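Right, one structure below, let's go through it.
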Amino acid sequence: MQYLSTRGKTAPMQFSDVLLMGLAPDGGLMLPESYPQIDDATLNKWRSLSYADLAFEIMQRFATDIPKADLKDIIDRTYTVQAFGKADITPVRTLKDGIKILELSNGPTLAFKDVAMQFLGNAFEYVLKQKGERLTIIGATSGDTGSAAEYALRGKENIEVFMMSPHGKMSEFQRAQMYSLMDKNIHNIAIEGMFDDCQDIVKALQQDAEFKAKYSLGTVNSINWGRILAQIVYYFKGYFASTENNSQKVSFCVPSGNFGNVCAGHIAREMGLPIDRLIVATNENDVLNDFFQTGKYTPRTADKTYVTSSPSMDISKASNFERFIFLLTEKNGEKLSELWTDVNSGKGFDLADLLGDVQQKYGFTSGKSTHADRLATIKAVYESDNDLLDPHTADGVKVARDVRKDGEVIVCAETALPAKFAETITEAVGQITIPRPAHTQNIESLEQKVVVFANDAKLVRGLIEQNVEAK
Ligand SMILES: *Cc1c(COP(=O)(O)O)cnc(C)c1O
């Protein structure tokens, strides 16, 4: 299988090259030339597979340049009970009102990003070894992404990680999760500034072509194709867990920010998985809700991007959205370039004439949830089901309840566990003991490893030079 860029100006590539990439050289995102089609008989065969075996069946159709035995080994080492706590990896539970919860957050950092990132860590290590290369991952995080990346890449050969976070701005739990890693290849850097300052440092280093080449800089942000691919698997798994046969359809409701998670659902649907609707749930940062309701997409400026109590969905524009718009506009690279010129200038675009396709042909709908909604949903579900939802998942459940049609089975993606967001949980239900997986029980009392730097890219550059051998 070959991969093409959404902008149409990058030579076709193989999976292992795409895996290590961020943006394509032409500024677009990489996508497979077509989505493999899964027929009814194959779905039947897959119904009873273990998570790892299902992942192998799906991924081998996309990662065609990795020998099958090697791919199988990477997957088998990734999706284990040890890493994900449960044999099913992503089991489904059902609330009293019939809404189903797809548990995606039982991995090491208690957020759905682990499902893809744990795979990426092992896949990166494998591909780097094959190519005889090394990689210096630099990243900025305000919480979830950074910790998922660190837990995925800790101790991996030929990979060094430099993760910047805003000094004093993360929760005690999030700090403990990241800073308690003692692995030699993990470097935590607390920057005296905001998250945006961290991101600016990453950009500054990335834009220095000479430095980038000399130290093999790379990232693991949400546009990485390997992450999307790994996420496709749990839509199949969640579908099988929620149905008895393939004549039944289910809808998925996905708390969304950068459109990475629901993009994987969209691809699963394109592959022939019987998904009825894909429900995009947003918080107050509702650029995606606006699009799916009106066809108009307008990125937010920084001062209109709100800091909310579902912080991992606080986005100004959705970095993976281009992957869907590419298909919607019939794979027209030139058109895509034009649309994204308008996105980057802040103007956005209007595809109202295609809204019928968006909703009917591609099955998308959406809804929005606010701080008050998420608190009310956490409280209501706690009272009715004695079940605690994290704030992001609560946004999903709120929207699912709003849009549910008679008889519709809706599976909500559980994108984090409540233990990560204790403050909001307490605000919603009062002082209670929030359950924590065993491995995070006393995490705040562990020794921590972090350097505090002024907001200056030069300091980070120096740290990389000290720790990574130049090419
Ligand atoms: C990253 C994240 C999201 C948003 O996912 P996208 O793939 O960016 O749409 C939602 N909830 C949580 C808890 C997350 O960490």
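The values are calculated or read from the model by the stated rules, or taken from the named source; none is laboratory data. Computed from a predicted model, the values in this text were never measured in an experiment. Neighbour counts run over all protein chains shown; Cβ positions are idealised from the backbone, glycine included.
Among all residue pairs at least 6 apart or on different chains, which show Cβ distances below 7 Å where the first residue, located in the range 377-403, is within 23 Å of Thr365 (Cβ to Cβ) and the second is acidic (Asp, Glu) and assigned to a helix (DSSP H, G or I)?
Pairs that qualify, where the first residue is within 23 Å of Thr365 (Cβ to Cβ) and the partner is acidic (Asp, Glu) and assigned to a helix (DSSP H, G or I), are Lys398/Asp373.
Identify the residue in the range 187-204 that is crowded, with 20+ Cβ neighbours inside 10 Å and either over 24 Å from Thr440 (Cβ atoms) or free of Cβ contacts under 8 Å to residues at least 60 places away in the same chain (or both) and, among all such residues, is farthest from the chain's Cα centre (by Cα).
Our first condition is that a residue be crowded, with 20+ Cβ neighbours inside 10 Å; within the range 187-204, this holds for 187-191, 195, 198, 201-202.
From what's left, either over 24 Å from Thr440 (Cβ atoms) or free of Cβ contacts under 8 Å to residues at least 60 places away in the same chain (or both): 191, 195, 198, 201-202.
Working: Ile191: 24, Phe195: 18, Cys198: 19, Ile201: 22, Val202: 19 Å.
Step by step, filter the range 187-204, then rank; the result is Ile191.
Would you call Met178 assigned to a helix (DSSP H, G or I) and aliphatic (A, V, I, L, M)?
Numbers: assigned to a helix (DSSP H, G or I): yes; aliphatic (A, V, I, L, M): yes.
Criteria met by Met178.
When residues of the range 234-253 are filtered for being out of contact with any Gly (no Cβ under 6 Å at 6 or more places or on another chain) and either modelled with pLDDT under 95 or within 15 Å of the ligand (Cβ to nearest atom) (or both), how many remain? Full working, then the answer.
The first filter runs over the range 234-253 and keeps only residues out of contact with any Gly (no Cβ under 6 Å at 6 or more places or on another chain), leaving 234, 236-251.
Narrowing the set further to residues that are either modelled with pLDDT under 95 or within 15 Å of the ligand (Cβ to nearest atom) (or both) leaves 234.
Here the count works out to 1.
I'm checking my understanding of the structure. Among residues of the range 404-437 that are of a type in the set (Val, Ile, Thr) and in contact (Cβ under 8 Å) with a residue 12 or more places away in the chain, which one is farthest from the ligand (Cβ to nearest atom)?
Filtering the range 404-437 for residues of a type in the set (Val, Ile, Thr) gives 409-411, 415, 424-426, 429, 432-434.
Then drop every residue that is not in contact (Cβ under 8 Å) with a residue 12 or more places away in the chain, which leaves 409-411, 415, 424-425, 429, 434.
Details: Val409: 22, Ile410: 17, Val411: 15, Thr415: 3, Thr424: 12, Ile425: 13, Val429: 19, Ile434: 15 Å.
Once the filter is applied, the top-ranked residue is Val409.
What helices (runs of 4 or more DSSP H), lying completely within the range 1-120, carry at least 3 residues that are of a type in the set (D, E, K, R)? Quick ask: steps written out before the conclusion?
Values: elements: 15-19, 40-46, 51-59, 68-78, 81-84.
So the answer is 68-78.
Filter the range 271-323 down to the residues that are of a type in the set (Lys, Arg) and within 13 Å of the ligand (Cβ to nearest atom), then identify the one that is nearest to His371 (Cα to Cα).
Here the residue is Lys317.
Within the range 123-138, identify whether any single residue is modelled with pLDDT of 95 or more, outside any strand (DSSP E or B) and under 27 Å from Pro311 (Cβ atoms), and answer yes or no.
Checked the range 123-138: at least one residue is modelled with pLDDT of 95 or more, outside any strand (DSSP E or B) and under 27 Å from Pro311 (Cβ atoms).
For Asp353, state whether it is over 21 Å from Gln231 (Cβ atoms) and surrounded by fewer than 15 Cβ atoms within 10 Å (Cβ to Cβ). Explain how you work it out, then say what you get.
Numbers: over 21 Å from Gln231 (Cβ atoms): yes; surrounded by fewer than 15 Cβ atoms within 10 Å (Cβ to Cβ): yes.
Yes, satisfied.
Within the range 441-456, can one find any residue that is in a helix (DSSP H, G or I), in contact (Cβ under 8 Å) with a residue 60 or more places away in the chain and within 20 Å of Met163 (Cβ to Cβ)?
yes
Go through (1) closer than 30 Å to Ile58 by Cα; (2) in contact with an Asp or Glu (Cβ under 8 Å, 6 or more places away or on another chain); (3) more than 16 Å from the ligand (Cβ to nearest atom) and name the single condition Glu330 misses.
Status for Glu330: all satisfied but (2).
From (1) in a loop (DSSP other than H, G, I, E, B); (2) of a type outside the set (Gly, Ala, Ser); (3) more than 22 Å from Tyr306 (Cα to Cα), pick out the condition that doesn't hold for Met163.
Tallying (1) in a loop (DSSP other than H, G, I, E, B); (2) of a type outside the set (Gly, Ala, Ser); (3) more than 22 Å from Tyr306 (Cα to Cα), Met163 fails exactly one: (1).
What do you reckon, is Ser142 within 14 Å of the ligand (Cβ to nearest atom), within 23 Å of Val202 (Cα to Cα) and in a helix (DSSP H, G or I)?
Values: within 14 Å of the ligand (Cβ to nearest atom): yes; within 23 Å of Val202 (Cα to Cα): yes; in a helix (DSSP H, G or I): no.
For Ser142, the condition - within 14 Å of the ligand (Cβ to nearest atom), within 23 Å of Val202 (Cα to Cα) and in a helix (DSSP H, G or I) - is not met.
Report, by residue number, each residue of the range 107-136 that is of a type in the set (Lys, Arg) and within 11 Å of the ligand (Cβ to nearest atom). I'd like the intermediate steps shown before the answer.
First pass over the range 107-136, keeping only residues of a type in the set (Lys, Arg): 113, 129, 131, 134.
Result: Lys113, single match.
Applying the selection to the range 166-175, what residues are crowded, with 22+ Cβ neighbours inside 10 Å and assigned to a loop (DSSP other than H, G, I, E, B)?
Met170
Which of the residues belonging to the range 324-370 are under 19 Å from Gln293 (Cα atoms), among the charged types (D, E, K, R) and either in contact with a Gly (Cβ under 9 Å, 6 or more places away or on another chain) or not in a helix (DSSP H, G or I) (or both)?
Residues of the range 324-370 under 19 Å from Gln293 (Cα atoms): 324-329, 339, 343, 347-370.
Now drop any that are not among the charged types (D, E, K, R), which leaves 347, 350, 353, 357, 361, 368.
Passing the criteria: Lys347, Asp350, Asp353, Lys368.
Checking Met164 against (1) within 16 Å of the ligand (Cβ to nearest atom); (2) under 28 Å from Asp303 (Cβ atoms), which single condition isn't satisfied?
(1)
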